[in-house]
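Here is the structure we will look at, set down as structure tokens.
The values are calculated or read from the model by the stated rules, or taken from the named source; none is laboratory data. Values in this document were obtained by computation on a predicted structure and should not be read as measured data. For neighbour counting, all protein chains shown are included, and Cβ atoms are generated from backbone atoms with ideal geometry for every residue, glycine included.
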């Protein structure tokens, strides 16, 4: 018992004064801490992804045409965005890194514009949306895609 109190005293001296007693006990016993709650734009991003099923829309091959699964995904995104007109969105088009730079840039721009136009068709205010081409400059995973990014 005395040894446990001595360890607790040493640990509490090493932690900042703002640490709670429960936090100290959890650190000494090796218990996992709950992550801090999300606030602001991070909370909105998490809610957007959870309620719309994701922020990525995939395209097939060398195309900028929306496939049925993409239309369904965008329908859910549009529903959330109509409820949050204060959120500004950047629609990032991506293309395959093996394409030429100019082809990838043009294809990514067409994809981003296609997604933007479809969201506007579904009732999202055009002023809320910006479409940009990432070309092949910032590849991540599958590049036949468009990512809806909540900016602010």
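For the stretch 100-113, state whether one or more residues are buried (at least 18 other Cβ atoms within 10 Å of the Cβ), more than 24 Å from residue 44 (Cβ to Cβ) and out of contact with any strand residue (DSSP E or B) (no Cβ under 8 Å at 6 or more places or on another chain). Within the stretch 100-113 (the criterion being buried (at least 18 other Cβ atoms within 10 Å of the Cβ), more than 24 Å from residue 44 (Cβ to Cβ) and out of contact with any strand residue (DSSP E or B) (no Cβ under 8 Å at 6 or more places or on another chain)), the answer is yes, since at least one residue qualifies.
Does residue 143 satisfy being within 19 Å of the chain's Cα centre (by Cα) and in a loop (DSSP other than H, G, I, E, B)? Yes. Scan the stretch 137-152 and tell me whether some residue there is surrounded by fewer than 20 Cβ atoms within 10 Å (Cβ to Cβ), out of contact with any strand residue (DSSP E or B) (no Cβ under 9 Å at 6 or more places or on another chain) and in contact (Cβ under 8 Å) with a residue 60 or more places away in the chain. Yes: one or more hits. In the stretch 1-117, counting only helices (runs of 4 or more DSSP H) that sit wholly within it, the ones holding 2 or more residues that are within 30 Å of residue 152 (Cβ to Cβ) and either in contact with a helix residue (DSSP H, G or I) (Cβ under 7 Å, 6 or more places away or on another chain) or modelled with pLDDT under 90 (or both) span 40-52, 68-83.
Here 73, 77 are screened, and the one residue that is free of Cβ contacts under 8 Å to residues at least 60 places away in the same chain, in contact with a strand residue (DSSP E or B) (Cβ under 7 Å, 6 or more places away or on another chain) and surrounded by 14 or more Cβ atoms within 10 Å (Cβ to Cβ) is 73.
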